[in-house]
Structures are given as structure tokens and as C-alpha cells.
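Data first, discussion second: the structure below is written as C-alpha cells.
The values are calculated or read from the model by the stated rules, or taken from the named source; none is laboratory data. Since we're looking at a predicted model, the values are computed, not measured. Methodologically, a virtual Cβ is constructed for each residue, glycine included, from the backbone with ideal geometry; neighbour enumeration extends over all protein chains shown. With ligands, DNA and RNA removed, areas are computed over all heavy atoms of the protein, side chains included. Shrake-Rupley method; radii C 1.70, N 1.55, O 1.52, S 1.80 Å.
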Amino acid sequence: MPIVEVHLIEGYSADAKTRLGTALTEAVQRVLPAPPEAITILTHEVPPANYMRGGTARIPAPALPDAEGIVRAFLAALEARDLEAAQSHLAPGATLHFPGAKPFTKLEELVTWAKPRYRFVTKTYAGFDTAQSGAETVLYCHGTLSGAWPNGTAFEGIRFIDRFTLKAGQITRQDVWNDIAEVRPHP
């Protein structure tokens with residue numbers, strides 16, 4: 001029955017503390033064979049006046065936004081072809097890697113490349129998996145694609161996996177794997 005204690009400066013939102021508690025529970029499960037209900041997370045909050053580091057009082061840094069929320073918003077904006085909204089989730093210099101293409105650095109390039117491949121694509125998500133690697137968050141989403149080929153014929157049930165790397169709340173890289181090439185009609 002592991003117990004993890006965390007001490008924070010007051011000021012984090014309930015959502016940020018819940019996300020932290022969930023992440024700590026999952027971290028314990030990566031090492032110990034404990035079910036979630038056997039893992040206790042205790043969060044102790046300290047008033048800013050009672051917290052000093054290096055002889056200086058500190059205030060809490062803002063919590064990072066939820067990586068899954070960022071990726072969902074990015075993909076929804078891309079699906080809607082709202083490139084401005086999608087761009088707001090990308091870090092400067094972000095790269096997008098799609099099957100059979102050179103890495104894209106501009107969303108307009110991606111849209112131009114995709115145009116002869118399909119009219120539109122929508123994603124149905126089966127799941128999201130998130131891991132931390134130093135200062136970067138790695139998020140995988142997977143599921144199926146549906147949409148229409150350039151001739152208007154509908155398709156559905158095409159498997160996909162996307163891997164995103166995020167840093168400081170922005171996407172720095174997207175890697176895409178899917179079976180479109182396996183099922184796409186060829187002239």
C-alpha cells in the first residue's frame with residue numbers, strides 16, 4: 001500500500017492537482033504491482049510566504065496544459081481546416097512526419113500534399129497513451145480513419161497511430177502511421 005506525499009506552493013488549480021495525483025498513481029504502477037485503489041497520494045499545500053528556495057520566497061509556476069487536450073484541439077482544428085487554430089498548438093520549428101513524405105514544417109504544405117490523397121479524413125479515437133521523457137511529453141493516439149477519396153468514394157476503418165512530442169505545452173513533432181496506402185484505390 002504505497003503512500004506518496006507531495007508538497008506544493010498554494011495556487012494550483014484543482015484540475016492541476018488531480019492531473020498530478022493521477023500521474024503519480026500511474027508512476028507508482030509502473031514500478032510496483034499495486035492496483036490504483038491501493039495507492040495513496042497526499043498533497044500538502046504551503047502558503048507562498050512559508051516557501052523559500054535559495055533564501056527567496058517563491059510563487060508556483062503555472063501548470064502545463066493537459067497534453068491530450070492540446071492534441072485533440074490540434075487534430076480537431078486540422079480536421080476543420082482551421083490552420084490558424086491548429087498552428088497555435090505548434091511550437092516554432094515543429095515538424096510533421098507523414099508516410100511517404102518529407103517532414104512538413106508548414107501546415108499549408110501538409111494540406112497541399114494531402115489534397116490528391118483524400119478529400120477529407122476524420123479520426124475516431126480508440127485511446128490515448130501519455131509518457132514523460134525529461135522535459136518532453138510523448139503522447140500516442142490511435143484509432144481509425146474515415147473520410148472520402150478524391151473521387152468522392154467513402155472509406156472507413158483504416159488504422160492509424162499518431163505520436164506527438166510536446167514541450168512546454170506545445171507540439172514539437174508529430175509522427176503518423178496508418179494503412180491508407182494499403183487500401184487506397186490506385187489509378
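Key figures for this structure:
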quantity: Extension gain, Ile161 back to Leu42 (0.36 nm per residue minus Cα-Cα distance, nm); calculated: 39.3 nm
quantity: Solvent exposure of the chain as accessible area per residue, Å², 1.4 Å probe; calculated: 60
quantity: Residue-level accessible surface for Thr95, protein heavy atoms, 1.4 Å, Å²; calculated: 30
quantity: Kirkwood-type radius of region 57-143, with distances r between different C-alpha atoms, in Å; calculated: 14.9
quantity: Counted charge near Glu68, where neighbours are those whose Cβ lies closer than 14 Å (Asp, Glu -1; Lys, Arg +1); calculated: -1
quantity: Principal axes of the chain: Cα extent on each, largest first, Å; calculated: 69, 37, 24
quantity: Carbon and sulfur %, accessible surface of the chain computed with the full protein complex present, 1.4 Å; calculated: 56
quantity: Cα-centred dipole magnitude for region 57-115, charges only on beta-carbon of K, R (+1) and D, E (-1), debye, nearest 20; calculated: 160
quantity: Beta bridges per DSSP with both ends in region 1-109, % antiparallel, nearest 5; calculated: 30
quantity: For Ser13, net neighbour charge (Lys/Arg +1, Asp/Glu -1) across residues whose Cβ lies under 15 Å away; calculated: -2
quantity: Bridge type composition, the chain - antiparallel percent by DSSP, nearest 5; calculated: 75
quantity: Cβ crowding within 10 Å averaged over residues, with 154-162, 56-64, 29-37 ranked highest first; calculated: 154-162, 56-64, 29-37
quantity: Extension reserve of the Ala57-Glu84 stretch, reckoned as 0.36 nm per residue once the Cα distance is removed; calculated: 5.8 nm
